[in-house]
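Q: Here it is, the structure in full.
No value in this document is a laboratory result; all are computed from the given coordinates. The structure displayed is predicted, hence computed values, not measured ones. Here Cβ is always computed from backbone atoms with ideal geometry, including for glycine, and neighbour counts include all displayed protein chains.
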Amino acid sequence: QRQLVESGGGLVQAGGSLRLSCVASRRTFSMYTMGWFRQAPAKEREFVASINWRGDNTYYADSVKGRFTISRDNARNTVYLQMNSLKSEDTAAYYCAASTIVTATNVGQYNYWGQGTQVTVSS
């Protein structure tokens, strides 16, 4: 049983928007830091954004600051990534992940991963 399930990816034109969702199967994930990562073909997985369990502390990669917003709804066991002003370089598979480390921003700090959702931005 997958513990984290992403959805919301798709094909969008440059300048457009998408909202990704990640639903956790266990309520205990409401106590975890949740993160979004992405991986483009032939590239390493990279950090995009994270949010602490209370939702009052967020981190963003410089490349997405001002364009992406991470949020969470613990009552729904769901984390969101609102992506605006999308660029072709945002094209990647996007992964949701969970960590017990409050300020986790590295791949190795996350214990649980979803299977990813593809985002393709056409220029």
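Q: Could you order peptides 95-101, 19-25, 73-79 by the average number of other Cβ atoms within 10 Å of their residues, highest first? Spell out each step's value before the answer.
A: Working: 95-101: 21.6, 19-25: 19.0, 73-79: 16.3.
Most protected by this proxy first, the peptides run 95-101, 19-25, 73-79.
Q: Starting from 0.36 nm per residue, how many nanometres of slack lie between SER88 and ARG27 once their C-alpha separation is accounted for?
A: Values: separation 61, 0.36 × 61 = 21.96 nm, distance 3.52 nm.
Length gained between SER88 and ARG27: 18.4 nm.
Q: So, one more: Between GLN118 and ARG54, what is 0.36 nm times their sequence separation minus the Cα-Cα distance? Round to one decimal in nm. Could you put the intermediate results ahead of the total?
A: Numbers: separation 64, 0.36 × 64 = 23.04 nm, distance 2.76 nm.
Stretched out fully, the GLN118 to ARG54 stretch lengthens by 20.3 nm.
Q: For SER71 and VAL107, compute 0.36 nm times the residue count separating them, minus their Cα-Cα distance, and round to one decimal in nm. Write down the numbers at each step before the final one.
A: Values: separation 36, 0.36 × 36 = 12.96 nm, distance 1.93 nm.
Full-extension gain reported as 11.0 nm.
Q: Assign unit charges at the C-beta atoms only (+1 for Lys and Arg, -1 for Asp and Glu), then state the dipole size of the chain relative to its Cα centre in Debye, rounded to the nearest 20. Each step should come with its number before you reach the end.
A: Working: 13 positive and 8 negative charges, 59 e Å.
For this selection, approximately 280 debye.
Q: Using per-residue counts of other Cβ atoms within 10 Å, averaged over each peptide, order 111-118, 55-62 from highest down.
A: By packing density, highest mean first, the sequence is 111-118, 55-62.
Q: Can you give the convex hull volume per residue for the Cα atoms of the chain, as a whole number of Å³?
A: Values: hull volume 11.5 nm³, N = 123.
It is 94 Å³ per residue.
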